[in-house]
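Participant: First the structure, then my questions, so here it is.
All of the numbers you see were taken from the coordinates with simple rules; none came from a lab. All values derive from a computational prediction rather than experimental measurement. Cβ placement follows ideal geometry from the backbone for every residue including glycine, while neighbour counts extend to all protein chains displayed.
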Amino acid sequence: MTSGICVIIPAYNASRTIHQVVASALKHVEKVFVFDDGSTDGTAATASEAGAELIKSDVNKGKGNALKILFQKAADAGYDTVISMDADGQHDPEEIPHLINEHALHPDDIIVGSRMHEKEKIPRGRYNSMHVARFYISFCANQFIEDTQCGFRLYPLSLFQKIRLTKERYVTETEILMKAGDSGYIIRPVKIRAIYDDAGSHFRPVIDVAAIAAYVISYLQIKWLKEGLTSNRPFTYIPNNLRDRIAKHKNIDLLYQFIAVSVTLPSAVVFFLGYILLSPVFNNYVLVRRYYGGFFRILLASFMLPVLLIVSISEKVLKVMNIRFKLVDALIQWAYPNHWIPRK
């Protein structure tokens, strides 16, 4: 049992799995907080019976809102570190000690579970989207992150005094990694099992992936504008910066994200030219120089996005015609390699 660390679990209609998750987590920490996010089944009662301290909402507002409330609840209760887990059983509580042991070695860092070593256990479409996502999110976070979509994480709560969370639902977890890394935090991986049960997941593959992608693109464009016009500046995030101020206004934020996505390819060309033309004057894009291939590789990857979409649609059409044709996997491995120069 480790003092100072608690487990937090956002839960929505998870009565089938929440008891086992809470009971197993309590073997390793003294306190588990569960936020029942407007469930319509017996999630609240089941979590309480298992020994969790319950926070209940009558309205479902999504995972991001639940996490923000749980972070504050843990801080108010005197904890300095939290481990976030999903309620659907896709994170094994028996692996909590792996995160705690890594935290003991690196108490100021963020620890994130990584499932990418068990590719064969991850649905093909999910693995491919995770591979592409980590390519771009890693640039936002100033370091390679093995698994950017895993919610099994350990956070020092001091982090949330230094970053402002503005997004909702599943985008929030991506926002945390990007802003933490862009503030100077180190994000360390810990290998965990890949457990998939789509019946218990509320992640919407199309809508939620699109929302995450739009935010990453809109964040990265502002970050690279700053990096491109300054020397030796990998860490660009400060609370209430331009991106945060835009996010305060939902309609303006949606419009900005739409514009950012629409100009992804031409903006990539502009950043590439800035990388080539301005680098003799000052050491801009210092982070990109830690990636083998530099901005040319990033430019190529960006132009591959529409190609991947076309090939993916073609594969699905051919599959209906009972023709097996798998090219997307090879294209992703080629276009989005994770060739980062090791951190010193």
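Participant: Please list 3J(HN,Hα) in residue order for region 18-29, calculated via the Karplus relation 6.51 cos²θ - 1.76 cosθ + 1.60 where θ = phi - 60°; whole Hz, with x for glycine and proline.
Facilitator: So the J values, rounded to whole Hz, are 5, 4, 5, 5, 5, 4, 5, 5, 5, 6, 10, 9.
Participant: What percent do you get for the relative contact order of the chain when only Cα pairs under 8 Å and 6+ apart count? Mind dumping the intermediate values first?
Facilitator: Details: 555 pairs, mean separation 51.3, N = 344.
It comes to 15 percent, rounded to a whole number.
Participant: Assigning unit charges at the beta carbon (Lys, Arg +1; Asp, Glu -1) and nothing else, what dipole magnitude in debye, to the nearest 20, does region 10-66 show about its Cα centre?
Facilitator: 160
Participant: Given a Förster distance of 45 Å, report the FRET efficiency between Val270 and Ser57 from their Cβ-Cβ distance, rounded to the nearest 0.05.
Facilitator: Efficiency at R0 = 45 Å is approximately 0.55.
Participant: Based solely on its DSSP helices, what 222 nm [θ] is calculated for the chain when runs of n ≥ 4 H residues each add -39,500 (n - 2.57) and the sum is averaged over all residues, nearest 500 deg cm²/dmol?
Facilitator: Working: 12 runs with 161 residues, N = 344.
Only helices count here, giving -15000 deg cm²/dmol.
Participant: Given the C-alpha centroids of region 107-169 and region 248-298, what is the distance between them in whole angstrom?
Facilitator: If you average the Cα positions of each part, the centres end up 21 Å apart.
Participant: Along the three principal axes, how long is region 236-306 when you take its alpha carbons, biggest first, rounded to the nearest angstrom?
Facilitator: Principal-axis extents of the Cα atoms in region 236-306, largest first: 38, 31, 19 Å.
Participant: Right, something else. What is the percent of Cα-Cα separations in region 5-201 that go past 22 Å?
Facilitator: Counting pairs separated by more than 22 Å, the tail of P(r) holds 44 percent.
Participant: Report the full-extension gain for the segment Gln72 to Lys326: residue separation times 0.36 nm, less the Cα-Cα distance, to one decimal in nm.
Facilitator: Details: separation 254, 0.36 × 254 = 91.44 nm, distance 4.57 nm.
Length difference between fully extended and current span is 86.9 nm.
Participant: Rounded, prolate or oblate for region 59-111? Axes are the square roots of the Cα gyration tensor eigenvalues, ordered a ≥ b ≥ c, and the cut-off for rounded is a/c under 1.5.
Facilitator: Cα axes put region 59-111 in the oblate bin.
Participant: Could you give each residue of region 72-77 its phi-based ³J(HN,Hα) in whole Hz, using Karplus coefficients 6.51, -1.76, 1.60 with θ = phi - 60°, and x for Gly or Pro?
Facilitator: 5, 4, 5, 5, 4, 7
Participant: Spelling out what I want: for every residue of region 298-304, take phi, set θ = phi - 60°, compute 6.51 cos²θ - 1.76 cosθ + 1.60 (Karplus), and round to whole Hz; glycine and proline get x.
Facilitator: Residue by residue, region 298-304 yields 5, 4, 4, 4, 5, 6, 7 Hz.
Participant: Could you name the lysines in cross-link range of Lys31, using Cα to Cα under 16 Å and dropping any fewer than eight places away on the same chain?
Facilitator: Excluding near neighbours in sequence, the set is Lys73.
Participant: Using a basic spin-label model with each label point 7 Å from the Cα along Cα→Cβ, how many nm lie between Ile246 and Lys27?
Facilitator: 4.7
Participant: If every alpha-carbon in region 210-335 counts as one equal scatterer, what log10 I(q)/I(0) does Debye give at q = 0.10 1/Å?
Facilitator: -0.42
Participant: Let me ask another. Based on the Cβ-Cβ distance of Lys226 and Tyr292, what FRET efficiency does E = 1/(1 + (r/R0)^6) give at R0 = 41 Å, to the nearest 0.05?
Facilitator: 0.95
Participant: Oh, and also: May I ask you to compute the full-extension gain from Gln333 to Ile195, defined as 0.36 nm times their residue separation minus their alpha-carbon distance, rounded to one decimal in nm?
Facilitator: 47.4 nm
Participant: A further question follows. How big is region 157-266 by the Kirkwood estimate over distinct Cα pairs, in Å?
Facilitator: 15.5
Participant: Let me ask you something else. Determine by what factor the alpha-carbon radius of gyration of the chain differs from 2.2 N^0.38 Å, reporting the quotient. Let's see the in-between values first.
Facilitator: On the way: Rg = 20.5 Å, N = 344, 2.2 N^0.38 = 20.2 Å.
Relative to the rule-of-thumb radius for its length, the chain sits at 1.01.
Participant: Which entries in the list Lys121/Lys226; Lys61/Lys226; Lys27/Lys68; Lys63/Lys119; Lys63/Lys326; Lys179/Lys316 go over 31 Å, if you measure between the two C-alpha atoms of each?
Facilitator: Numbers: Lys121/Lys226 40 Å; Lys61/Lys226 33 Å; Lys27/Lys68 25 Å; Lys63/Lys119 25 Å; Lys63/Lys326 34 Å; Lys179/Lys316 36 Å.
From Lys121/Lys226; Lys61/Lys226; Lys27/Lys68; Lys63/Lys119; Lys63/Lys326; Lys179/Lys316, over 31 Å: Lys121/Lys226; Lys61/Lys226; Lys63/Lys326; Lys179/Lys316.
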